[in-house]
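Single-structure report; data block below.
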Amino acid sequence: MHKVNLCDINPAYPVGKIICLGRNYLDHIRELNNEIPEAPVIFCKPASSLLENGGQIRIPAYSQDCHHELELALLIGKAGKQISVTDAPGYVCGYGVALDLTLRDVQSRQKSKGLPWEIAKGFDTACPLSDFVPAEKIKNPDNLALTLQVNEKIRQQGNTNMMMRSIAQIVSEMSEFFTLEPGDIILTGTPAGVGQIKSGDQLIGEIEQVGRLVVSVG
Ligand code: ZN
């Protein structure tokens, strides 16, 4: 079973579902020429896609174009369904640094055929994730700087204040579709600057107050 380290919250939590929000930063929607969605774009990654801090990414042989997407991760600490925006912050018990690795060539092919994206987003190691910081240590999750460096060059630089939906809105909207349970993880979308990674690259993702994720490509 995959577990997530929670620092001083709890030594380890079994991971539930990993729910991801796409197209949540306007600058990223523009860079991929996507339409601004009226409803949230939601997909899931399996727990087997998790990669711990310090680990090695394995790009599947069926892709020639693996992209990095740096994202703020939320850890759900309490079960709930149809959670109001006002109550939503009480359901988040931790914040982490995640990468939503995406096989862009495979995703584009799937999209053009109207097929689901899981094989582009859910492969083993597709979800590198740091330890979680207890939620009470984060003053305002809607104003955190995010930076991703690849081989010491900055590729992505953003702030969660550029998200179209607030953290509370995301939790509330997700809970319309799914019962949220302790151990579930939500990825909140990526800012602009997504790009290709290759064998030998070193990636450092940082989110203000939350921490640092360091992984390499095998
Ligand atoms: Zn993403």
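The values are calculated or read from the model by the stated rules, or taken from the named source; none is laboratory data. Remember, predicted model here, so these are calculated numbers, not experimental data. Here the Cβ is made from the backbone with ideal geometry for all residues, glycine too, and neighbour counts use every protein chain on show.
Observations, loosely collected:
- Of all residues in segment 93-122, none that is at positive phi has its Cβ atom under 8 Å from the Cβ atom of a residue that is hydrophobic (A, V, I, L, M, F, W, C) and away from the ligand (no atom under 13 Å from the Cβ), 6 or more apart or on another chain.
- Those residues of segment 153-189 which are part of a loop (DSSP other than H, G, I, E, B) and touching a strand residue (DSSP E or B) at 6+ places or on another chain (Cβ under 8 Å), in sequence order: M164, R165, F178, T179, E181, P182, G183, D184, T188, G189
- Within this structure, D100 fails the test of being away from the ligand (no atom under 16 Å from the Cβ), under 29 Å from Q56 (Cβ atoms), within 17 Å of the chain's Cα centre (by Cα) and modelled with pLDDT of 95 or more.
- Taken residue by residue, segment 41-64 has at least one member that is within 22 Å of Q202 (Cβ to Cβ), within 16 Å of the ligand (Cβ to nearest atom) and assigned to a helix (DSSP H, G or I).
Residues checked against (1) away from the ligand (no atom under 14 Å from the Cβ); (2) under 16 Å from L70 (Cβ atoms); (3) polar (S, T, N, Q); (4) touching a helix residue (DSSP H, G or I) at 6+ places or on another chain (Cβ under 9 Å):
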{"residue": "G114", "(1), (2), (3), (4)": "yes, no, no, no"}
{"residue": "A126", "(1), (2), (3), (4)": "no, yes, no, yes"}
{"residue": "E181", "(1), (2), (3), (4)": "yes, no, no, no"}
{"residue": "Q202", "(1), (2), (3), (4)": "yes, yes, yes, no"}
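- Residue check, V106 assigned to a strand (DSSP E or B), among the β-branched types (V, I, T) and within 15 Å of the ligand (Cβ to nearest atom): no
Yes/no per residue for (1) assigned to a strand (DSSP E or B); (2) β-branched (V, I, T); (3) modelled with pLDDT of 95 or more:
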position	(1), (2), (3)
I83	no, yes, yes
G90	no, no, yes
D124	no, no, yes
P128	yes, no, yes
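- Note on segment 65-80: among residues that are small (G, A, S) and not in a strand (DSSP E or B), the one that is nearest to L129 (Cα to Cα) is G77.
- Hits in segment 1-32 - residues which are within 16 Å of the ligand (Cβ to nearest atom), modelled with pLDDT under 85 and either among the β-branched types (V, I, T) or on the phi > 0 side of the Ramachandran plot (or both): I29
- For segment 121-136, a residue qualifies if it is farther than 23 Å from V41 by Cα and surrounded by 14 or more Cβ atoms within 10 Å (Cβ to Cβ), and the qualifying residues are S130, D131, F132, V133, P134, A135.
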